[in-house]
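Report on one structure; see the data block that follows.
The values are calculated or read from the model by the stated rules, or taken from the named source; none is laboratory data. What you see is a predicted model, and the numbers here were worked out from it, not measured in a lab. All Cβ positions, even for glycine, are placed from backbone atoms using ideal geometry, and neighbour counts span all protein chains on display.
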């Protein structure tokens, strides 16, 4: 039986500040579906996205275009984990398999704040998936993203086999209209597959990999950054896996490699709360669509960092 034509879903969303809250407009095409937005603390628009196709196969594409106007705040998440099915060796016509692709482009105006927090990505055996995330923002805007990928259905004793996962992240600061007024905050390219899954300088056989990146809306003084990193490292208590974090020129990056997507999500949630507290914003509420039975922030103290108001250089 011949496979149907691949999906190419589009989603375009614009966020605008209206008084003390953020409103969204735009739309999407199948297999995307927008669920009802909620008004979060600090006037943030919290919007869940649903992928109705039940998963991705080779050739499928998802494209998201997100634009935030001045002083707007948005949190975008997904309703469920995204599944990517295997294609390598499944077709005699294309034994090498076919890649599924997701492209996300974010453009932030002055004073805006975007939290891009999709749920876990699950790659089945022999799946090929590439994601590209591009962000352009000024120095006084904030962007925070997390990604958690499970390489094989480990509950079924499955590994990735010949599958591969690629990620390309580019964050650019731009306070003017010319390239002379821009700088790169982070350019990060990764590929996991073959020996990198088991190598001692790779994942060492661990099935879950995750990244968190925060591009802060202000320059963090050395003592503020040191305090933030120390707290983030202490937040690893009680969690399994190998967790590391470090500073960017104006922000931080954290990595997780281990056995538990739940623990990766817990650690990233705690760092997320730290970035909120550092700016005097409300502690985040875990989105209702996340399948977390426990409360990752319950035993943590997240108050405004006393250093943030006096030593952070704007």
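For the reader, a short list of remarks on this structure follows.
- Identity of the residue in the stretch 111-126, within 23 Å of residue 173 (Cβ to Cβ) and in a strand (DSSP E or B), that ends up farthest from the chain's Cα centre (by Cα): 113
- Matching residues, the stretch 150-164, being in a helix (DSSP H, G or I) and free of Cβ contacts under 8 Å to residues at least 24 places away in the same chain: 155, 156
- The stretch 60-83, residues that are over 16 Å from the mean Cα position of the chain (by Cα) and either in a loop (DSSP other than H, G, I, E, B) or free of Cβ contacts under 8 Å to residues at least 24 places away in the same chain (or both): 60, 69, 70, 71, 72
- Going through (1) free of Cβ contacts under 8 Å to residues at least 60 places away in the same chain; (2) more than 25 Å from residue 153 (Cβ to Cβ); (3) exposed (fewer than 14 other Cβ atoms within 10 Å of the Cβ) one by one, residue 12 falls short only on (3).
- Pairs where the first residue, in the stretch 286-298, is modelled with pLDDT under 75 and the second is surrounded by fewer than 12 Cβ atoms within 10 Å (Cβ to Cβ), C-beta under 9 Å, 6+ apart: none
- Enumeration of residues in the stretch 19-33 that are touching a helix residue (DSSP H, G or I) at 6+ places or on another chain (Cβ under 9 Å) and either in contact (Cβ under 8 Å) with a residue 60 or more places away in the chain or part of a strand (DSSP E or B) (or both): 21, 22
- So residue 130, is it outside any loop (DSSP other than H, G, I, E, B) and either in contact (Cβ under 8 Å) with a residue 40 or more places away in the chain or touching a helix residue (DSSP H, G or I) at 6+ places or on another chain (Cβ under 6 Å) (or both): no
- Boolean, residue 167 is buried (at least 16 other Cβ atoms within 10 Å of the Cβ), more than 21 Å from residue 8 (Cα to Cα) and touching a strand residue (DSSP E or B) at 6+ places or on another chain (Cβ under 8 Å): no
- Qualifying residue in the stretch 99-110 (condition: in contact with a strand residue (DSSP E or B) (Cβ under 7 Å, 6 or more places away or on another chain), under 16 Å from residue 14 (Cβ atoms), in contact (Cβ under 8 Å) with a residue 24 or more places away in the chain and in a loop (DSSP other than H, G, I, E, B)): yes
- Residue 87 outside any strand (DSSP E or B) and buried (at least 17 other Cβ atoms within 10 Å of the Cβ): yes
- The stretch 50-59 - residue that is under 20 Å from the mean Cα position of the chain (by Cα) and surrounded by 21 or more Cβ atoms within 10 Å (Cβ to Cβ) and, of those, farthest from residue 118 (Cα to Cα): 56
- Meeting the requirement of 2 or more residues that are surrounded by fewer than 20 Cβ atoms within 10 Å (Cβ to Cβ) and at negative phi, the strands (runs of 3 or more DSSP E) wholly within the stretch 188-275 are 242-248, 251-258.
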